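Visitor: One structure, pasted below without further comment.
Each reported figure results from applying straightforward, stated rules to the coordinates on display, with no laboratory input. If you're wondering where the values come from, they're calculated on a predicted model, not measured in any experiment. Counting neighbours? That spans all protein chains shown, and the Cβs are built from the backbone with ideal geometry, glycine included.
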Amino acid sequence: MAARRTRSPARSKATREFVSEVEEILERLRADLADLADQRAGGELEPELANRLFRSAHSLKGLAGMFGFEGMSGLAHHLEDILDGLRMGRLAASAPALDLLEPAVELVASLLERAGSAKAQAGAAEEVARLVERIEAALHAGPAAARVAAPEIDERLLRALTEYEEHRLRESLRRGRWIHLVEASFEILSFEEGLADLTGAAREIGEVISTLPAPGEVPEAQIRFSLLVASDADAQALSTLLDHPTASIRCVHRGASDAPSERLEHSTHAAESAQRGAAERSASARAAGPQPDASESDPEDASVSPALDEPAREPSGELDSLKSISETVRVDIRKLDELMNLVGELVIQRGAIAAIAAQLLAEPASARFGRELGKLHKTLDRKLQELQAGVLEVRMVPLRQVFEKLSRVVRRLRRDSGKDVRLEIRGGDTELDKLIVEELADPLMHVVRNAFDHALEPPAERIAAGKPAEGTIRLEALQRGNHVVIQVADDGRGIDVDAVRSRAVACGLVAPDALLTRKETLDLIFQPGLSTSSEVTETSGRGVGMDVVRENVTALGGLVYLDSTRGAGTTISLTLPITLAIIQALTVGVADQRFAIPLTAVLETLLVGPEAIQRSEGREFLNLRGDALALRRLHAEFGLPAPAADARQAVVVVGLGDARAGLLVDRLEGQQDAVIKPILGPVRSVPGIAGATELGDRGTVLVLDVAALIEDAARRREAA
Amino acid sequence: MHHILIVEDSPTMRSLVVSALEELGAPVRITEAASGFEALRELPREAYDLIVTDINMPDINGLELVSFVKSNAAYRAIPLLIISTEGSERDRLKGLELGADAYLVKPFEPEVLRRTARDLLAKAQEE
């Protein structure tokens, strides 16, 4: 846990903001690029997607420019060029330049990683220049889409359109769509919901090209919006969808086709019905509100009044998503950390109040105050628990974010390697503390890449083994009590235990004559410097091995297990705590010291006499309902005086996932809330200690790192 | 006291602009809007002396905001400065046609922003 908090070097607030925003933009770009790849394969591009991509690249260019990252800004500029070509229709969906988007985004990501070092930035300059050159060449060669003639639309409307909006307008005209001007007035302080409603309805049958605000009839209180809507449907069809008392629709350009929109069984004779609609409604339009721009002699003019016989429309998804934008707040995770620390300190104070209440209660003279204080303490306790749960809840995010990232990685690997692999994802809704989720991304990525590169065989080999040609990687998360288990399972060739062993012998990790169980041998994969595949591929080989995966997961208080069946596949399970910040702990005494053990890891406690402890090859065991439970004496672990040989001892049975161990202690003291704080200084790396915590009036105690103690116990047991 | 409305969807960029303008050399109060819609809601709440807006934003774009401000008698006199990443020359021209008082291309030096803001504020006071 200490490692987790010491990783970020001191950086200015502005730079941190910059890095985190660029990361967000990159995340958005990657997700949108994945969609773009799908849509390119399907042949039809959603115009808004290209525009969204363009906007991300544009923001990136601006930000990088402001912070003086010229390489990044230049690269973003070229990204923007490609995307501008795409959204403006100058580049076709098939243009080869689009293949350079992803490498450019990844290069930006790697530039960001190197942002701290000017030297590393300079080193990347050549890489940037090469990619830029390729983009320029590709853009030059890209097939240009035909331009269309300028439309016959009122200049007044065109003035506030951006170049892109102009392009969408021209494109709609070229496709023979109807262009409608929808106008409506709203109260200025609450316009968003009504406008979102109107926009959402218009989007059901068309594209909203622009949204232009103008002062309403009472300028201080009202605001009027003009929406330029392109659609295959006529004004009549549009009017049945729009439900706003002051909305009016005017056709500013008649569509070429009389075809009805797909979802409306309404009239097909556009002009006639629009005229009829206009005649029927123009009176209500004039009464309903200001519409200075609607020329009333226009036969296409149709206004909308709420139709009574129309069934109530379900709120559209569009509207929901707009609402969720305005109801979400971005919070710096460090602020949540601070909040969590504060809650932790309150929790500790609460403990002190309880102690005072107990003292007061013990004296007859003050017992009355003690009772009162006790009651107050109970109320405070309840509220504090709610507060604590609330703060924890805010920090929880679904694993889906990481899973989606992995799914994009697999998609790319699939494309680059031509290997046929299916990724099955389950349990993306499982939630974990944000920090844990972030720290998990790298280890999970590595495990998945390993499965893709090494575990899954080429199609021919699979077919020969009687398996389907397509390999499967299953990614699954499930909650188990206070832990989340994430499994990455493949149906590949499995791990060759003998090969692992001989390689470990060759590396000098084990003696040639060592006796190892199967599990122990598989466990060697987590040893630094051992990789079973001798070939190093571009995707998995570099740097991070399974040892780093284990190290990362252990730093989060978790455990990694590996199980593999030759020929059938490998499953790697990560067991992680749901949160890191506040834990319930069991305090135990050893000699004159106290330790805290996270309660989530405690399975049971028992008292045993010395005769119950069995010894085998220097290790101690307890027969726990027929199973041998490996024991560890905490006084021996931490160099404390041993208790009398005949003393009864307490055993705390701890477990994580399927692993168990028994910790021998002198006393069980009680259950407490503990806020884990990292330990800095010389004791930081003491194995078996996760951090320190304060316990009310009783000073600081050390928190045991159960994961480390169990693993160590398990290793000794296997060795025994 | 000058009251400045900053409309910019990028939080990083927004805080850069805010911190640049906080050192204007004259007392300032700054209101931040993260989108065009937010700006539309902020405008009637207070009297502003300067509006600084980006162009590329979700919901309504900066040009649409300029059009709104400059077509509204209540806000027309407020000087308006567009800050936008170097991009479409046409968009820039349009911003000025719609009545924006100045246009700054990102990246810019904080001092250039301050100078432009001071000029706009002084000009508005003269008028």
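Visitor: Given R₀ = 51 Å, what would the calculated FRET efficiency be for residue A:615 paired with residue A:507, taking r from the Cβ atoms and rounding to 0.05?
Guide: 0.95
Visitor: Suppose R0 equals 60 Å. What FRET efficiency, 1/(1 + (r/R0)^6) with r the Cβ-Cβ distance, do residue B:74 and residue A:140 give to the nearest 0.05?
Guide: That gives a FRET efficiency of 0.75.
Visitor: How far apart, in nm, are the 7 Å Cα→Cβ label points at residue A:640 and residue A:422?
Guide: The modelled label-to-label distance comes out at 5.5 nm.
Visitor: Related question: Kindly state, to the nearest 0.05, the FRET efficiency for residue A:415 paired with residue A:441, given R0 = 25 Å and r defined as their beta-carbon distance.
Guide: 0.75
Visitor: For segment A:361-409 and segment A:57-135, what is the separation of their C-alpha centers, rounded to whole Å?
Guide: Cα centroid of segment A:361-409 versus Cα centroid of segment A:57-135: 46 Å apart.
Visitor: With each run of n ≥ 4 DSSP H residues scored as -39500 (n - 2.57), what mean residue ellipticity at 222 nm is computed for chain B after dividing by its residue count and rounding to the nearest 500 deg cm²/dmol?
Guide: -13000 deg cm²/dmol
Visitor: Let me ask something else. In nm, to one decimal, how far is the modelled label at residue A:35 from the one at residue A:187, with both set 7 Å along Cα→Cβ?
Guide: 3.3 nm
Visitor: Just name one of A:365, A:387, A:343: the one whose Cα is farthest towards the positive end of the charge dipole of segment A:336-397 (beta-carbon charges, Lys/Arg +1, Asp/Glu -1).
Guide: Sorting the options by dipole projection puts first A:365.
Visitor: Rounded to the nearest 20 debye, what is the charge dipole size of segment B:1-117 about its Cα centre when +1 sits on each Lys and Arg Cβ and -1 on each Asp and Glu Cβ?
Guide: With Lys and Arg at +1 and Asp and Glu at -1, about 280 debye.
Visitor: If neighbour count is taken as other Cβ atoms inside 10 Å, put A:403, A:369 in order from fewest to most.
Guide: A:369, A:403
Visitor: Taking segment B:1-88, which GluC sites (Glu not before Pro) meet the DSSP loop condition and have no more than 13 other C-beta atoms within 10 Å?
Guide: B:23, B:46
Visitor: Which of rounded, prolate, oblate describes segment A:549-650, given a ≥ b ≥ c as roots of the alpha-carbon gyration tensor eigenvalues and a/c under 1.5 marking rounded, otherwise prolate only if a/b is larger than b/c?
Guide: It is oblate, given that a/c is not under 1.5 and a/b is not larger than b/c.
Visitor: Moving on to the next point. Fewest first, what order do A:446, A:140, A:635 take by the number of other Cβ atoms within 10 Å?
Guide: Result, fewest neighbours first: A:140, A:635, A:446.
Visitor: Holding the Cα-Cα limit at 24 Å, pick out from A:405/B:106; A:13/A:405; A:13/A:119; A:434/A:519; B:94/B:123 the pairs that are longer than that.
Guide: Long pairs (Cα-Cα over 24 Å): A:405/B:106; A:13/A:405; A:434/A:519.
Visitor: If each residue of separation counts as 0.36 nm, what is the full-extension length gain between residue A:163 and residue A:380 once their alpha-carbon separation is subtracted?
Guide: Extra length from residue A:163 to residue A:380 when fully extended: 72.2 nm.
Visitor: Just tell me which aspartates and glutamates come within less than 14 Å, Cα to Cα, of residue A:467; anything on the same chain fewer than 8 places away is out.
Guide: A:420, A:457, A:490, A:491
Visitor: Sorted from fewest to most neighbouring beta carbons within 10 Å, what does the list A:20, A:185 look like?
Guide: A:20, A:185
Visitor: Give the separation of the Cα centroids, segment B:18-63 to segment A:9-49, in Å.
Guide: Taking the Cα centre of segment A:9-49 as reference, the centre of segment B:18-63 is 26 Å away.
Visitor: A further question on this structure: Name the GluC sites (Glu not before Pro) in segment A:37-120 that are in a loop by DSSP and that have at most 14 other C-beta atoms within 10 Å, would you?
Guide: Here the sparse-neighbourhood loop sites are A:44.
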